[in-house]
Amino acid sequence: MRRVRYYEYGGPEVLTVEDADQPVPQAGQVLLRVEAIGVNFADTRFRRGPGSGSIFQRPLPGRPTGDVVGTVARVGPGVDPRLAGRRVAALAEDAYADYVVAEASWLAAVPDHLDSGDASMLAMSAPVALRILRAAQLNPGDTVLIHAAAGGIGHLAVQLARFLGAGTVIGTARSAHKLDFVHSVGADVAIDYAQPDWPDQVRAAAPGGVDVVLDAVGGPVLQSSLDLLAPFGRAVVYGAATGELEQIPVAKLFALRSVVGFNLTAWRRTAPDLARQEMDEITGLFAAGHLSTTVHADLPLTRAATAHELIEARSHTGRILLSP
């Protein structure tokens, strides 16, 4: 089979397509015959190495993660044999490959009519989008500010905020075509956060402040966002694309604001039953047509470097897929 790894840190060109043996599922695992792989932003930072920031450090050789859609080809010891032949989605390591192993306990069943783009969201991106809104204790009528709203998780968070009854949804992105996309998925207001006056534009749209902020950008964007929170406003931080881990001034919280962090692995470990329930809930929302994703590009596995180039150019909207 083919797989993609990297043996030195650097640009997209370090991604290497190589021949390898099929992996063997261990206890609690399944082997997937891969249909599609959703490419994630974080892996472009891991590939560049420690210089990307303290949160983006992984040893060599690099094994890119991804949101894999595929069919169970084989089950490992202790796994229900009835899973064989089922179409599923999973977040997996060493994901850029023809065959991938994944943990059986966190597989998402894929409805037959769902396309690869939507299916690739079931295991990680959509559950994160739902949980960060719930971690923010979203109430009907709340004003929500969603950063990176044109991205894989962001454009689903916009749709979910609307579905869950948010009053005003403000999405930020970079570039005019991304702002158009943010509007198209349900945002009332779309703002370019590369503009120095973006906080003033948010204040104009929400004079009383915003009730919820969802942020995976970090850096100055997070710091400015805290100042935009209304009394009793809540910010949920679920990433730091800038690579900067911010020190949050306690003084900013005295104005009746709160900040909570979110990580999917920690969530699954701490509340596995609820995490599993929310994965099933997300599948139902996609199956019913309440959620959908936009596939910006579907590339052959051998063009993994091109997929990373597109992500780093910040030119894409929605999802980028690799297909073996």
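Each value in this text was obtained by applying a stated rule to the coordinates, not by laboratory testing. These numbers were taken from a predicted model, which means no experiment stands behind them. Neighbour counts run over all protein chains shown; Cβ positions are idealised from the backbone, glycine included.
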*Cβ-defined net charge surrounding A204, 15 Å radius [Lys, Arg +1; Asp, Glu -1]*: -4
*Given +1 on the Cβ of Lys and Arg, -1 on the Cβ of Asp and Glu, and no further charges, what dipole in debye does segment 1-69 carry about its Cα centre, rounded to the nearest 20?*
180 debye
*Neighbour net charge for E312 - beta-carbon separation under 14 angstrom, K R +1, D E -1*: +2
*With unit charges on the beta carbon (Lys/Arg positive, Asp/Glu negative), name the residue among S175, L156, Q137 whose Cα is farthest towards the positive pole of the charge dipole of segment 67-179.*
Q137
*Compare the Cα positions of L15, P249, G49 along the charge dipole of the chain (+1 at Cβ of Lys, Arg; -1 at Cβ of Asp, Glu; about the Cα centre) and return the one farthest towards the positive end.*
P249
_Kirkwood hydrodynamic radius (C-alpha pairs) into Stokes-Einstein, segment 182-271, 25 °C and 0.890 mPa s, D in µm²/s_ = 174 µm²/s
*Rounded to the nearest 0.05, what FRET efficiency do A84 and S323 have when you use their Cβ-Cβ distance and R0 = 30 Å?*
0.85
*Taking the Cα centre of the chain as origin, work out the dipole magnitude from +1 charges on Lys and Arg Cβ and -1 charges on Asp and Glu Cβ, in debye rounded to 20.*
420 debye
*Say the dipole of segment 207-324 comes from +1 at the beta carbon of Lys and Arg and -1 at that of Asp and Glu; which of P272, I320, V221 then lies farthest toward its positive end?*
P272
*Provide the packing ranking of 135-144, 271-280, 90-99, i.e. peptides ordered by the mean count of other C-beta atoms within 10 Å per residue, highest first.*
90-99, 135-144, 271-280
_Additional length obtainable on full extension of the chain from V17 to A255, 0.36 nm per residue less Cα span_ = 80.4 nm
*Within segment 126-266: Cβ-based charge dipole about Cα centre, in debye rounded to nearest 20 (Lys, Arg +1; Asp, Glu -1)*: 340 debye
*Please sort 312-324, 61-73 by packing, taking for each peptide the average over its residues of neighbouring beta carbons within 10 angstrom, highest first.*
61-73, 312-324
*With a cut-off of 20 Å, note down the residues of segment 177-202 whose backbone N falls inside the zone around a label point 7 Å from the Cα of T294 toward its beta carbon.*
177-195
